[in-house]
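The block underneath contains the structure these notes are about, expressed in structure tokens.
The values are calculated or read from the model by the stated rules, or taken from the named source; none is laboratory data. Given the structure is predicted, the values throughout are model-derived calculations rather than measurements. Here the Cβ is made from the backbone with ideal geometry for all residues, glycine too, and neighbour counts use every protein chain on show. Areas reflect the complete protein model, heavy atoms only, side chains present, ligands, DNA and RNA absent. Shrake-Rupley method; radii C 1.70, N 1.55, O 1.52, S 1.80 Å.
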Amino acid sequence: MRKKFVAANWKMYTNRVGAQQLAADVVKGLAGDDRVTVALCPPFPYLAFVADAVKGSKVVLGAQNMYPDKEGAFTGEVSPTMLLDVGCTHVILGHSERRHKLGESDWFINQKVRSALAAGLQVILCVGETLDERKSNQTDAVLDRQLTQGLVDVAAADTPRLVVAYEPVWAIGTGHNATPEQAQEAHAFLRRRFGQIFSEKAAVALPIQYGGSVKPDNAAILFAQPDVDGGLIGGASLKADSFLAIVRAGIS
Ligand code: PEP
């Protein structure tokens, strides 16, 4: 059985003191329980502070983005080696806010995925359709394109360090989550396609998170779907109580 994996995407929220406190509260609330894998993904400036707060616990640290090169004249960017250096084990790539608000292409996301894996990071690759795409029955085609193009030239040997997050754009930060049936259908599709790209074995092992307005009161039913292996949590991860309640919903 796949272990549930719940990751907190703090986006461009918190401050130094708030981030440290939130991380400390999550660590305390979990009290060493690692039945669910938990990752905290703070903004770049707070990574090192949160790294200190989770040190010695089972909580892992993730970044929300990175640049594909190791170093260079890329003003304002952050490399995979820098993320490793401050204690990150994970990085979120292809989040819909980066695809749609910052214009990131499947090609660019693929450069990042390959670079992150080559550096030794674990990748949470986000995919998801817009409302217009869903309404015009393009959901499968969009998921197929984002998954396939995001994984171009990824070696089968690296698949154990991949996580896919299904995040319908219309559900992110809107309070409208996908129904458990919609989530299950999309996750099953992504797992099937992943199996065709790599292998049945890799697909069975792949954690697929659901993201999009997960809250304490809908987490359990979403996480109970056979192909939903946890969540990528935005708004509800900014309060320790609600985030911990969501993590607990993943304990089976
Ligand atoms: C996200 O940021 O990935 C997300 C799913 O946000 P929210 O939970 O707020 O919808």
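Quick notes on this structure:
- Screening the range 62-135 for helices (runs of 4 or more DSSP H) wholly inside it with 2 or more residues that are of a type outside the set (S, T, N, Q), within 25 Å of PHE5 (Cα to Cα) and out of contact with any Ser or Thr (no Cβ under 8 Å at 6 or more places or on another chain) returns the ranges 80-85, 96-100, 106-119.
- Test for VAL38: is it of a type in the set (Val, Ile, Thr), farther than 22 Å from LEU206 by Cα, touching a residue at least 40 places away in the same chain (Cβ under 8 Å) and outside any loop (DSSP other than H, G, I, E, B): no
- Number of residues in the range 160-176 that are more than 23 Å from ILE197 (Cβ to Cβ), open to solvent by 50 Å² or more (accessible area, probe 1.4 Å) and free of Cβ contacts under 8 Å to residues at least 60 places away in the same chain equals 3.
- Yes/no for TYR67 being hydroxyl-bearing (Ser, Thr, Tyr) and either open to solvent by less than 10 Å² (accessible area, probe 1.4 Å) or touching a helix residue (DSSP H, G or I) at 6+ places or on another chain (Cβ under 7 Å) (or both): no
- Among the residues of the range 91-106, at least one is buried (at least 17 other Cβ atoms within 10 Å of the Cβ), touching a residue at least 24 places away in the same chain (Cβ under 8 Å) and over 17 Å from PRO168 (Cα atoms).
- Among the candidates VAL27, VAL78, residue that is in contact with a strand residue (DSSP E or B) (Cβ under 8 Å, 6 or more places away or on another chain) and open to solvent by less than 50 Å² (accessible area, probe 1.4 Å): VAL78
- Residues of the range 179-227 that turn out to be farther than 27 Å from ALA240 by Cα and open to solvent by 70 Å² or more (accessible area, probe 1.4 Å), as a count: 7
- Taking the numbered list (1) within 15 Å of ALA118 (Cβ to Cβ); (2) away from the ligand (no atom under 16 Å from the Cβ) in turn, SER57 passes all entries but (1).
- From the options ALA141, ALA116, ALA157, residue that is crowded, with 17+ Cβ neighbours inside 10 Å and either closer than 17 Å to GLN209 by Cα or of a type outside the set (Val, Ile, Thr) (or both): ALA116
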